[in-house]
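The structure appears below as structure tokens.
The values are calculated or read from the model by the stated rules, or taken from the named source; none is laboratory data. Every value quoted in this text rests on a predicted model; they were computed, and no experiment measured them. Cβ placement follows ideal geometry from the backbone for every residue including glycine, while neighbour counts extend to all protein chains displayed. Surface accessibility is based on the protein's heavy atoms, side chains included, excluding ligands, DNA and RNA. Shrake-Rupley method; radii C 1.70, N 1.55, O 1.52, S 1.80 Å.
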Amino acid sequence: MYVSRQWQDENLSLNLDGTTATVQVSSALVHLEALEEQWHALAHAIPWPMVQFEWIISAARTLRCGRLCIVTVQEAGALQAIAPLVLRRYRLTHQLECLDYELWEPQRLVARDGQYLQLLFMAIQKLRYPFILRGVPAECQEVQHFESVSGPGLRLVTASGSQDSFVPFDGPDSDLEKRVSPSRRSTLRRKRRLAEKHGPVQFVILRPRPGNLPELLDELFRVESSGWKGRAGTGLQYDPQRASFFRMYCDRIARAGCLRLGFMKIGEVTAAVRLDVLWGNKSWELKIGYDEHFADCSPGLLLCHEALKHGQAEGLLGHHFLGSAEPWHDTWTAETTERVTLRYYPATVDGGASLLWDGGLKLGRSLVRRF
């Protein structure tokens with residue numbers, strides 16, 4: 001199989017060697033939109049919200065920086081695997097990566113099984129551009145099948161430097177408090193008393209309807225963008241592109257009944273907020289924030305505790321914190337999973353330049369840490 005490095009047609013069909021599968025490469029958003037029904041059928045059973053169509057189409061419409069590169073594997077008229085990528089400028093060259101890269105969430109590809117996943121990696125390799133997949137859980141099948149692809153070029157699997165935190169639930173009739181050590185239970189009670197000194201405390205955990213979602217997101221974005229995020233200008237209120245993504249994504253996922261918002265009120269003031277998506281019978285934490293005026297009572301910690309209790313009572317299997325594992329996650333005896341980064345450097349000028357640049361960055365960081 002050969003794929004030109006500069007695909008001219010928006011839809012390019014190719015036969016994979018030794019199979020009846022067909023690879024299609026497209027740079028047209030309309031092609032991605034047309035895949036919605038097939039995408040749902042393929043990805044619905046994958047317990048990972050960031051590979052669902054709602055997440056990807058929202059990112060494609062609001063965040064895309066680079067040329068869209070949708071790689072699909074089809075067989076017997078059905079979609080079998082898909083890689084939603086962009087070709088973007090990387091230093092002095094170009095590289096392929098997931099089109100949601102600006103969100104910095106763990107990334108995966110979509111495939112019916114390991115065979116089609118391997119075919120998908122083969123197709124990406126044939127495009128002959130550097131390729132990166134970030135934050136992949138180390139136990140996922142992507143790692144095994146990426147390493148098993150043969151051919152020219154260099155394939156690397158490296159530690160990403162982050163971990164996934166997950167709190168498993170023992171069932172709706174179990175007590176979440178049993179996962180919390182006596183000292184941390186004491187801390188939670190003390191923080192609650194401190195909060196009550198500021199005023200009446202109320203927790204609101206809800207699955208919003210699309211009709212009242214804009215106002216709820218306005219309040220969530222306001223609190224999320226306060227404090228240090230406001231001073232640094234990194235909150236959603238100061239980032240129109242990411243704010244547009246979350247509004248579009250939340251609207252879509254709310255229509256599916258899978259969006260959960262959380263608010264902690266002290267008196268009439270919102271002290272903490274959170275945004276979770278419910279998928280695969282688990283909750284996944286996407287955004288949190290709190291008002292620094294109430295920092296002494298750790299409102300984000302208290303709201304998280306209530307959200308986890310709410311999820312366990314609903315019969316969820318557990319909670320993913322996403323982001324990076326942090327010490328406060330251990331309040332609930334969180335389990336951690338290593339993440340890795342998959343990198344492919346083709347035997348091309350672009351591949352060599354990317355390898356030299358990445359190697360230089362890694363060496364530079366090592367020297368900084370050492371000296």
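A few points about this structure:
- Under the convention that each Lys and Arg Cβ holds +1 and each Asp and Glu Cβ holds -1, the size of the dipole of the chain around its Cα centre is about 1060 debye.
- For segment 222-310, size of Cβ-based charge dipole, Lys and Arg +1, Asp and Glu -1, in debye: 360
- Taking the chain as a Gaussian network of alpha-carbon nodes connected by springs under 10 Å, the highest mean-square fluctuation of the residues 183, 165, 283 belongs to 183.
- Protein accessible area in the chain, 1.4 Å probe - carbon and sulfur %: 52
- Applying Stokes-Einstein at 4 °C and 1.567 mPa s to the Kirkwood radius of the chain, computed over alpha-carbon pairs, gives a translational diffusion coefficient of 58 µm² s⁻¹.
- Note on the chain: GNM, Cα springs under 10 Å; of 35, 308, 261, the largest mean-square fluctuation is that of 35.
- Accessible surface ranking for 288, 57, 1.4 angstrom probe, highest first: 288, 57.
- Taking each DSSP H run with n ≥ 4 as -39500 (n - 2.57) and averaging over every residue of the chain yields -11000 deg cm²/dmol at 222 nm.
- Given charges at Cβ of Lys, Arg, Asp, Glu: the chain dipole, positive-most of 270, 106, 359: 359
- For the chain, built as a Gaussian network whose Cα springs stay under 10 Å, the top-fluctuating residue of 184, 108, 339: 184
- Take the Cα of residue 36, step 7 Å toward its Cβ, do the same at residue 148, and the gap between the two points is 3.5 nm.
- Solvent-accessible surface of segment 46-192, averaged per residue with a 1.4 angstrom probe and all protein chains in place: 39 square angstrom.
- Mean Cβ count within 10 Å, highest first, over the residues of peptides 75-86, 136-147, 229-240: 75-86, 136-147, 229-240
- When you restrict to C-alpha pairs under 8 Å that are six or more residues apart and normalise by the size of segment 260-320, the relative contact order lands at 32 percent.
- In straight-distance terms, cross-link reach from residue 265 covers every one of the lysines whose alpha-carbon lies under 27 Å from its own, apart from those fewer than eight places away in the same chain; here that gives 178, 191, 197, 229, 282, 287, 309.
- Simple label model, 7 Å out from Cα along Cβ direction - residue 244 to residue 228, nm: 2.9
- Working from label points 7 Å from Cα in the Cα-to-Cβ sense, the residue 158 to residue 91 distance is 1.0 nm.
- Charged neighbours of residue 316, selected by a Cβ distance under 12 Å, balance to 0 (K, R count +1; D, E count -1).
- Sequence-separation-based contact order of the chain, relative, with Cα cut under 8 Å and 6+ spacing, percent: 21
- Semi-axes of the equivalent ellipsoid for segment 276-346, Cα gyration tensor, largest first, Å: 26, 18, 12
- Accessible-area value, residue 228, 1.4 Å probe, nucleic acids and ligands omitted, Å²: 150
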